[in-house]
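S.K.: Pasting a structure below so you can have a look.
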Amino acid sequence: MLIGYMRPYQDDLSCKIQFEILNDLKCDHYFTEEHSSPKKRVMLETMINQLQTGDTIAVSKLSSFADSTRHLAELLNQLNEKQAYLYSVGEGINTNHSSASNYSFQDSVNYLLNFQSDIISEYTKKGLYEAKKKGMKPGRPRKADDNVKRAIIMYQSQKFSLAQIKEETGISKTTLYRYLEN
């Protein structure tokens, strides 16, 4: 049986993109998580518990299946114990030994690097999204306009060194030059 597994992530909150990818494979059954959180992955647990020998779990990419390299290794061990397989479309990985390609060590390392990069990217996007919902603005806080104006006046008077301007206003020379260019 070919089983599709999907989990919302920041670029595909409704799992629509994942469904389109997995639907092309003609999966026999689908499991979809209701949230993107790594905790309480009810559908993943249910799916693993229901696996039969020879079943293959299909995912659009590894980062929708596992939350870290360690988690991926644990899940692969569980699949191995059940004599089931994983097919990740995005990476072209199929653990079914009868159809598996021989990957070089270099390919394997690159897949793991891309996987870890996807995980970090997803956590970053999710964090930025949550911060925006709370009204927080990402990035470095802007300096108070009064300090910037005072720094520009001090600079243009040519009576103060950059070190004195920074000490007096808290505006670094890089920030000062950026405002002077505008």
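The values are calculated or read from the model by the stated rules, or taken from the named source; none is laboratory data. For clarity, every value in this text was computed on a predicted model and none was experimentally measured. So basically every Cβ, Gly included, is an ideal-geometry build from the backbone, and we count neighbours across all protein chains shown.
S.K.: Could you list all residues from segment 12-34 that are touching a Phe, Trp or Tyr at 6+ places or on another chain (Cβ under 9 Å) and surrounded by fewer than 17 Cβ atoms within 10 Å (Cβ to Cβ)?
M.R.: Selection gives N23, L25, T32.
S.K.: Out of all the residues in segment 154-176, is one or more in the same structural domain as G54 (by TED's automatic domain parsing), more than 16 Å from K61 (Cα to Cα) and either modelled with pLDDT of 85 or more or touching a strand residue (DSSP E or B) at 6+ places or on another chain (Cβ under 7 Å) (or both)?
M.R.: No, segment 154-176 contains no residue that is in the same structural domain as G54 (by TED's automatic domain parsing), more than 16 Å from K61 (Cα to Cα) and either modelled with pLDDT of 85 or more or touching a strand residue (DSSP E or B) at 6+ places or on another chain (Cβ under 7 Å) (or both).
S.K.: Moving on. When you go through (1) charged (D, E, K, R); (2) at pLDDT 85 or above; (3) more than 29 Å from E81 (Cβ to Cβ) one by one for K137, which number turns out not to apply?
M.R.: (2)
S.K.: Next up: Being touching a residue at least 24 places away in the same chain (Cβ under 8 Å) and under 30 Å from K125 (Cβ atoms), is that true of even one residue in segment 147-168?
M.R.: No - not one qualifying residue is present in segment 147-168.
S.K.: Next question, about the same structure. Pick from segment 35-55 the residues that are farther than 21 Å from T95 by Cβ and in contact (Cβ under 8 Å) with a residue 24 or more places away in the chain: which of them is surrounded by the fewest Cβ atoms within 10 Å (Cβ to Cβ)?
M.R.: It comes out as H35.
S.K.: Same structure, new question: Return the only residue of Y87, Y9 being more than 22 Å from E130 (Cβ to Cβ), assigned by TED's automatic domain parsing to the domain that holds Y129, in contact (Cβ under 8 Å) with a residue 24 or more places away in the chain and crowded, with 18+ Cβ neighbours inside 10 Å.
M.R.: Exactly one of Y87, Y9 is more than 22 Å from E130 (Cβ to Cβ), assigned by TED's automatic domain parsing to the domain that holds Y129, in contact (Cβ under 8 Å) with a residue 24 or more places away in the chain and crowded, with 18+ Cβ neighbours inside 10 Å, namely Y87.
S.K.: Right, something else. If we keep just the residues of segment 16-34 that are touching a strand residue (DSSP E or B) at 6+ places or on another chain (Cβ under 7 Å) and touching a residue at least 60 places away in the same chain (Cβ under 8 Å), which is farthest from N96 (Cα to Cα)?
M.R.: L22
S.K.: Restricting the search to segment 62-74, which residues are surrounded by fewer than 18 Cβ atoms within 10 Å (Cβ to Cβ) and in contact with a Phe, Trp or Tyr (Cβ under 8 Å, 6 or more places away or on another chain)?
M.R.: Listed by number, the list holds a single entry, T69.
S.K.: Only residues that are touching a helix residue (DSSP H, G or I) at 6+ places or on another chain (Cβ under 8 Å) and of a type in the set (D, E, K, R): list them for segment 159-181, please.
M.R.: Of everything in segment 159-181, those that are touching a helix residue (DSSP H, G or I) at 6+ places or on another chain (Cβ under 8 Å) and of a type in the set (D, E, K, R) turn out to be K166, E168, K173.
S.K.: If you check K166 against the conditions, is it closer than 30 Å to R7 by Cα and out of contact with any Pro (no Cβ under 7 Å at 6 or more places or on another chain)?
M.R.: no
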